[in-house]
2 protein chains.
Amino acid sequence: MRKPNLQIALDQNTLAEAARIAHFAGPIVDIVEVGTILELQAGQEAISVLRAMFPDKIIASDTKCADAGSTVAQNSKDAGADLMTVIDSATVATMKSAKSVLDGIQVELYSAWDWDRAAQWKEIGIEQVIYHQSRDALLAGEVWGEKDLNIVKKFIEMGFKVSVTGGLNLDTIKLFEGVPVYTFIAGRAITGQEDPAAAAQSFQDEIKKYWN
Amino acid sequence: MRKPNLQIALDQNTLAEAARIAHFAGPIVDIVEVGTILELQAGQEAISVLRAMFPDKIIASDTKCADAGSTVAQNSKDAGADLMTVIDSATVATMKSAKSVLDGIQVELYSAWDWDRAAQWKEIGIEQVIYHQSRDALLAGEVWGEKDLNIVKKFIEMGFKVSVTGGLNLDTIKLFEGVPVYTFIAGRAITGQEDPAAAAQSFQDEIKKYWN
């Protein structure tokens, strides 16, 4: 089974802090993500800087695009992004419009999806979804469980590449053993550590334990 | 019946262009909005600049926040925003978290709402919603109609202040006659005109015709 990618979500309040963390942990991960908070703070320059730092990595732009799909996708693409998120509650027309400009569109699953909508996304050529425990839901005490795993598996059966995110740490990786997850997205579990490079390496090592 | 506000949505790709338009049309409108596209491009500096230009106007930050409510709200507030949007598919926990930091939270209605969810928003103190024809839906040929009006009216009956947006032009204003709309949000119908100040004034005049 293919080793899942490790993606670092850079959601710092300043580009300086994000660049500092990326400088150390970036070389170790597979995908560098410009998080929504960072993008709202620093603008598209955040994408350009990380693209320039990591010419050979996949760069993800977490815009959570809800409208004006082609404009937002063009801007992300111009800045150097390979992947861009759209929010689940965007219309199919918006997703199609984004996809017409940037192929790597990922639907981020919040509370506005069902299997019929997912089938529509598939129909217009969307290949990736991000299954998401929201930060605020986690703060409210929710945890990863069987229910989440079953949803992830069903998306994979439908043919989607599935990234998982939200409160992932070293202990949660093994819950997904045997599931062909496309990408694990980690934020604070890497960026909030004193040694982000070591934390990223621990994630890669843990992933390699179960997928090889 | 109270005159609805006029809000200009600044969705330019550069802060320079947004500032140019705001310089002319800003003094005429009631609310200046930093649109999502502009915010993703220029970052929070876009909010700071417009706040500084218009110390006495209401400044709206169209972040379409989906997660990390309190962080995104704090950043918008620090930059000077009075209002901030959250996306309908955000969890109630996220909305509550945003609202705990910035009182002026507006839920932007895409495809992830129903009347039960709206009642939950009301319960946690959310006072504003934005009813929305998406740009991409408009491009796909949808227009304002009776169905939209009935939804707007029902939200108002529930006690929400309702802003309406999406393809508004001078001819669509009169469709809302007799409805206590809180705010009309116009984008390209003002920003795309050769004389944005005159276009904004025409909107204000048209609104005054039906609400006085």
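Of the residues in the range A:40-49, none is among the hydroxyl-bearing types (Ser, Thr, Tyr) and under 28 Å from residue A:133 (Cβ atoms).
When residue A:110 is tested against (1) modelled with pLDDT of 95 or more; (2) outside any helix (DSSP H, G or I), only condition (1) is not met.
Suppose we keep only residues that are more than 11 Å from the chain's Cα centre (by Cα) and not in a helix (DSSP H, G or I) within the range B:26-48. Which one would you say is nearest to the other protein chains (Cβ to nearest Cβ)? In this case the residue turns out to be B:43. Scanning the range B:97-137 for residues that are over 19 Å from the mean Cα position of the chain (by Cα) and over 24 Å from residue A:63 (Cβ atoms) gives B:100, B:114, B:115, B:116, B:119, B:120, B:123, B:124.
Of all the listed residues (B:66, B:22, B:81), the sole one being closer than 19 Å to residue B:196 by Cα and crowded, with 24+ Cβ neighbours inside 10 Å is B:22. Within the range B:37-82, the residues that satisfy the criterion of being in contact with a Gly (Cβ under 6 Å, 6 or more places away or on another chain), among the hydrophobic types (A, V, I, L, M, F, W, C) and within 17 Å of residue A:37 (Cα to Cα) are B:42, B:47. The residues of the range B:28-40 that are among the acidic types (Asp, Glu) and without any contact (Cβ under 8 Å) to a residue 60 or more places away in the chain amount to a single one, B:39.
Listed by first and then second residue, the pairs linking a residue in the range B:1-27 that is more than 21 Å from residue B:132 (Cβ to Cβ) to a residue that is assigned to a helix (DSSP H, G or I) and among the small types (Gly, Ala, Ser), with Cβ atoms under 8 Å apart and 6 or more places separating them unless they lie on different chains, are B:14/B:42; B:15/B:42; B:15/B:46; B:24/B:197; B:25/B:197; B:25/B:199; B:25/B:200; B:27/B:197.
Among the residues examined, residue A:49 does not qualify as more than 28 Å from residue A:16 (Cβ to Cβ) and free of Cβ contacts under 8 Å to residues at least 40 places away in the same chain. When residue B:111 is tested against (1) surrounded by fewer than 22 Cβ atoms within 10 Å (Cβ to Cβ); (2) more than 10 Å from every other protein chain (Cβ to nearest Cβ), exactly one condition is not met: (2). Within the range A:64-94, track down each residue that is over 17 Å from residue A:108 (Cβ atoms) and either within 17 Å of the chain's Cα centre (by Cα) or at the interface with chain B (Cβ under 7 Å from one of its Cβ atoms) (or both). If the condition is that a residue be over 17 Å from residue A:108 (Cβ atoms) and either within 17 Å of the chain's Cα centre (by Cα) or at the interface with chain B (Cβ under 7 Å from one of its Cβ atoms) (or both), then A:71, A:75, A:77, A:80, A:93 are the ones that fit.
Exactly one residue out of B:101, B:164, B:86 is within 23 Å of residue A:114 (Cβ to Cβ) and not in a helix (DSSP H, G or I): that is B:86. Of all residues in the range B:49-63, those that are surrounded by fewer than 24 Cβ atoms within 10 Å (Cβ to Cβ) and either within 14 Å of chain A (Cβ to nearest Cβ) or not aliphatic (A, V, I, L, M) (or both) total 6.
Residues checked against (1) over 19 Å from the mean Cα position of the chain (by Cα); (2) in a strand (DSSP E or B):
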site: A:172; (1), (2): no, no
site: A:180; (1), (2): no, no
site: A:184; (1), (2): no, yes
site: A:190; (1), (2): no, no
site: A:193; (1), (2): yes, no
site: A:199; (1), (2): no, no
site: A:205; (1), (2): yes, no
site: A:209; (1), (2): yes, no
site: A:212; (1), (2): yes, no
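Here are some conditions: (1) crowded, with 24+ Cβ neighbours inside 10 Å; (2) assigned to a helix (DSSP H, G or I). Residue A:96 meets all but one. Which one does it not meet? Going through the list (1) crowded, with 24+ Cβ neighbours inside 10 Å; (2) assigned to a helix (DSSP H, G or I), residue A:96 breaks only (1).
For residue A:167, the conditions (1) among the small types (Gly, Ala, Ser); (2) modelled with pLDDT of 90 or more; (3) surrounded by fewer than 20 Cβ atoms within 10 Å (Cβ to Cβ) all hold with the exception of (2). Scanning the range A:95-108 for residues that are free of Cβ contacts under 8 Å to residues at least 24 places away in the same chain and either closer than 19 Å to residue B:43 by Cα or within 7 Å of another protein chain (Cβ to nearest Cβ) (or both) turns up nothing. Scanning the range B:118-125 for residues that are within 13 Å of another protein chain (Cβ to nearest Cβ), touching a helix residue (DSSP H, G or I) at 6+ places or on another chain (Cβ under 8 Å) and not in a helix (DSSP H, G or I) turns up at least one hit.
The values are calculated or read from the model by the stated rules, or taken from the named source; none is laboratory data. Small disclaimer: the values here were computed from a predicted structure and weren't measured. Quick reminder, even Gly has a Cβ in these numbers, built from the backbone with ideal geometry, and neighbours come from all protein chains shown.
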